[in-house]
Every structure is written in C-alpha cells, then in structure tokens.
1. Which of 86, 280 has the fewest other C-beta atoms within 10 Å, and how do the rest follow up to the most?
2. At what distance in nm do the modelled label points of residue 146 and residue 322 sit from each other, each positioned 7 Å from its Cα along Cα→Cβ?
3. Report the full-extension gain for the segment residue 229 to residue 285: residue separation times 0.36 nm, less the Cα-Cα distance, to one decimal in nm.
4. Quick check: residue separation of residue 270 and residue 58 times 0.36 nm, minus the Cα distance between them. What number comes out in nm?
5. Would you please give the FRET efficiency between residue 243 and residue 138, computed as 1/(1 + (r/R0)^6) with r the Cβ-Cβ distance and R0 = 56 Å, to the nearest 0.05?
6. Could you work out how much longer the chain between residue 216 and residue 40 gets when fully extended? Use 0.36 nm per residue separation minus the Cα distance between them, nm to one decimal.
7. Could the peptides 304-316, 232-244 be put in order, highest first, of the mean number of other beta-carbon atoms found within 10 Å of their residues?
8. Please give the FRET efficiency for residue 167 paired with residue 308, using the beta carbon to beta carbon distance and R0 = 25 Å, rounded to the nearest 0.05.
C-alpha cells in the first residue's frame, strides 16, 4: 500500500490525540509451492486491524483459527477467492465484490480459482475497543450497532452482506492500495475510518445466507461444481454431465443453490468469465481461442458476455495487465 497529497487529519478541540500511528507488519503465511502469498497487517486503532492480501497461486490453504465475534469487512480488488465454510456451504468473493459479516460461520479453507487474489480486510474486535477507539468512532459518527443493523437484515444474525461494492467503497479500497499516499499510516487510518462510515450505509439487499447445509446437499453441490469446472469449454447440458453421477438434475440444481447461493447457470457464467479473465491476464492465447476454451463458438458473443461481467471488453482487460 502506497499519503495522497492534501490529506490531513481533521483539526479541532474534539480530535483525540494518538500517540501511535499504524505500523505495517508482515503476517507469517504458509508458502505456496506454485506461486507467492503476501499478507501485511496494520493496527489502525486498538481493536481495529487492516490486512492486505495478495496471492498468486492455485493452491488451497487451511484458514487460521480466530475469534468468532469479530466483524469482518472484505473487498476483492482483483481475482477471486473461494471459501469452504465449516458448515459445508461455499462462498466466493469476486473482483469488485464486498462482504461484511461476523465470523460466526468460519471458513475451513480457501482457494483462488483464477490463480490470483488482491484484497483488503478490515477486522473489528468489539471486545478490544479502547476508550481511544470509541472516542474516534464517535468523532467520525461510526456506530457498530448501526453497521450490524445495515447488513444483518436477513433471517439469522450472522447473515453476510455480499454483493458488488458501491462506488464509494470501491474508491476507498483502491485509494488504500494504489493511492499516492497508501504508505502513510495516517492516511490508512483515515481511509479505514471512511470505509467503516460508508459500510454503515449498506442495505441488507445483497445477502448470502450461510445456514448449515446437510452433508448430502454439500456433496451433491460440490460434485456438480466439479463437473461444471471440468467442462467449462463444452456446451453439454447439466443433465448429460450428471448421467454418470446417479444424481437427478432437479436434485443437483436445488442442492447447488442451497450451498452456493446462486443457480447453476449463474455460477457457470461467472466461472467461464473468471477463467477467461485468468487466461487474458496471462496474455498468451488469442481472444478467439480463449472464447472457445470457455464454451463460446462466437468471439463477438464472448466479448459481449465478458463486458457484461467485467464492464470492459476482453482486449481492454488484457491491456490492463500487459502494460
């Protein structure tokens, strides 16, 4: 993360004095055999931590144990991550998406379907908030109860907000990573507080229900996912793919939606576009070839589908990585 010129701490008699600014520390992490992983952490305020995560690997990792009542705000700037939860549900965070949740339903493992992931995570431990932190929250009009109410409008208290981040939050995250002042501790503190303030304004309309799934449903959904991922370049119907598995199409579709939180068709479209994005970033195969590799006979139809998903044409996406 690299202080935007002109950024300053608000002045006035009500501004708390902080003797310590955030200092970056490297988080030890298992070294992948086929790539790299870099995690860094800043203590923004007592009880509030910021983590930057950069993975360049296709390996899966076990999640580290942590407290269960933390508030977690996570945003993906590039790539995607997929988390297998302890209750057998599956959660995927893609480029431009945000999730806000309490760590009641923990991840057992995580992987990176595009072979890369760049993201930030803001962790709040309500039990560790000091008077200094609470005073700062009050100054910036941050109320954790308001934040919880904004994202927990579903049937269970640990409902996640999951959806495309509003433009305001996307800009904050990009400033934290790419901004001219992103190496400034004071700047990171201000941006973290701004992120918390904006998160309070989220509605619960984009929620993912992490309710426990039966082993049977999880097994069927995971097998269906494997079949889809193994056949991204084919136009074979789901019914045809399931023939050898002994599972009916309706059973598979219902289990898939319960576990993955979306339809088979939606997952397949996103998986194809994610794989296309990975291939485009490598810069080796022609766009027409990539279209065929993800199930599109027409390069123009592929380009239209890719633009709907990533808001840019495949050529522009590739150029972004090959500059």
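Every number here is computed from the coordinates shown, using simple stated rules; none is lab data. Quick caveat, the model's predicted, so the values are computed rather than measured. Positions of Cβ are generated from backbone atoms using ideal geometry, with glycine treated the same way; all protein chains shown enter the neighbour counts.
1. Lowest count first: 86, 280.
2. Label at residue 146, label at residue 322, 4.8 nm between them.
3. Additional length available on full extension: 18.2 nm.
4. Details: separation 212, 0.36 × 212 = 76.32 nm, distance 1.77 nm.
Full extension from residue 270 to residue 58 adds 74.6 nm.
5. Numbers: r = 62 Å, r/R0 = 1.10.
Calculated value: 0.35.
6. So the extension gain works out to 59.5 nm.
7. Descending packing order for the listed peptides: 304-316, 232-244.
8. Plugging the Cβ-Cβ distance into 1/(1 + (r/R0)^6) gives 0.85.
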